[in-house]
Amino acid sequence: MQKNALLVGGSGQIGSAAARALLAAGWSVTIAHRGTRPLPADLAGHAASLPLDRGDGDALAAAARGHDLVLDCVAFAPGDVAAYTALAGEVGSLVVISTASVYLGSNGTWMDAATGDDDFPRLAVPVTEDQPIVTAEVEGYSPQKAAMERALLAVDDLPVTILRPGAIHGPGSPALREWYFIKRALDGRRRVPLIDRGESRFATSATAVIAELVRLAGEHPGRRVLNAVDEPAPTVLEIGQAVFAHLGHSAEFDLLPRGAGGPESGVGQTPWSVPVPVVLSMQAAREQLGYVPIGSHRATIGPAIEWMLEAVADADWRERIPGLARYGAEGWFDYASEDALLGE
């Protein structure tokens, strides 16, 4: 009998990738969404569409009940998953997207609580799922996601898989960090400064990787928490090289020490530039789900780049991808300061 999946918030980058993976594997897929935008063209006619108010717990529970797989891409806080807590025995497998930023450093801080290099969380390399997570009962992305995880795992017999991705990339991204390099290629920049000598690593996650883990969790229900990242974790230099290679762009990378431009300078500071490595282990996914890596960042970044090029072809990038603002994208392209530092 054909298995069925409900993807909540399924019209976004993760849900769309999961829909493609599940459809390819023979699943019946229903995408639940707010109804404010159409489904991606390649999914229309293949996946069913269900307008759903995510905030209506009764409607959410009714929609989820009886499915072999329920994926929730948008749950943020404990209240967002309350509807699922009564569904033990009524869904085959529940998969909920969390974040790698829930991990608590040995210095007692977490990523969105850090104010600079000194209090950035110090994490093991690589981070396993046994690493402690934030317990502070405060507002904020990481504390709320961590509280959401605890709420789900507190329910006995709920077959929930919690996935912790890093810096997500894929078609349909609301904030594709690789724009840092894509725009430089479009602008013809031939020298690109990188602090930390380009060696900084912040785990990346292709939506295709997350989708494969969703599919496997649907086929192997259980109670687990898993990292969901690309292997190996690329350095900033490798990310830049991958983007330029895809675009056929040639540039010289100037590998600078941290702080080369002075304490107030943002020159060479990228969206992945962190003072200590953030590298996640995928061993648990291999052991518990039989996960086989589907490709490195370099192997999976192409579709995201092509999507971004199409998205900005006829519009200003600030208007088309406003989510980039939260990463400080307005300050990424200070070419005058770069040229001054590099002696251009």
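Scoring residue 218 on the criteria (1) under 16 Å from the mean Cα position of the chain (by Cα); (2) closer than 30 Å to residue 3 by Cα leaves a single failure, condition (1).
May I ask you to say which residue of 108, 172, 188 is assigned to a loop (DSSP other than H, G, I, E, B) and over 30 Å from residue 248 (Cα atoms)? Checking each option against the conditions leaves just 108. Of the residues making up region 136-149, none is in contact with a strand residue (DSSP E or B) (Cβ under 9 Å, 6 or more places away or on another chain), open to solvent by 20 Å² or more (accessible area, probe 1.4 Å) and modelled with pLDDT of 95 or more. On inspection, residue 177 does not qualify as part of a loop (DSSP other than H, G, I, E, B), at pLDDT 95 or above, farther than 29 Å from residue 124 by Cβ and touching a helix residue (DSSP H, G or I) at 6+ places or on another chain (Cβ under 8 Å). Listed by first and then second residue, the pairs with beta-carbon distance under 8 Å, at least 6 apart or on different chains, first residue in region 268-285 and under 18 Å from residue 330 (Cβ atoms), second in a strand (DSSP E or B) and β-branched (Val, Ile, Thr), are 272/204.
Taken together, 213, 226 contain a single residue that is assigned to a strand (DSSP E or B), within 16 Å of residue 287 (Cβ to Cβ), open to solvent by less than 10 Å² (accessible area, probe 1.4 Å) and of a type outside the set (Phe, Trp, Tyr), which is 226.
State which residue is nearest to the chain's Cα centre (by Cα) when the search covers only region 72-97 and only residues that are in a loop (DSSP other than H, G, I, E, B) and within 17 Å of residue 155 (Cα to Cα). It comes out as 75.
Return the residue satisfying two criteria in turn: it lies in region 247-292 and is within 20 Å of the chain's Cα centre (by Cα) and of a type in the set (Val, Ile, Thr), and of such residues it is nearest to residue 191 (Cα to Cα). That would be 270. Residues of region 229-245 that are open to solvent by 20 Å² or more (accessible area, probe 1.4 Å) and not in a strand (DSSP E or B): 231, 232, 237, 238, 241, 245. Counting only residues that are touching a His at 6+ places or on another chain (Cβ under 9 Å) and among the polar types (S, T, N, Q), which one in region 173-229 is farthest from residue 100 (Cα to Cα)? Among them, the one singled out is 207. When residue 218 is tested against the conditions (1) open to solvent by 10 Å² or more (accessible area, probe 1.4 Å); (2) modelled with pLDDT of 95 or more; (3) not in a strand (DSSP E or B), the lone failure is (1).
Of the residues making up region 115-125, those that are open to solvent by 60 Å² or more (accessible area, probe 1.4 Å) and closer than 17 Å to residue 167 by Cβ number 1. For residue 287, the test of being closer than 30 Å to residue 5 by Cβ, at pLDDT 95 or above and touching a Ser or Thr at 6+ places or on another chain (Cβ under 9 Å) is failed.
The values are calculated or read from the model by the stated rules, or taken from the named source; none is laboratory data. Please read these numbers as outputs of a predicted model, since none were measured by experiment. Backbone-built Cβ (ideal geometry, glycine too); neighbour counts: all protein chains shown. Remember, those area values only see protein heavy atoms, side chains included, never the ligands or the DNA or RNA. Shrake-Rupley method; radii C 1.70, N 1.55, O 1.52, S 1.80 Å.
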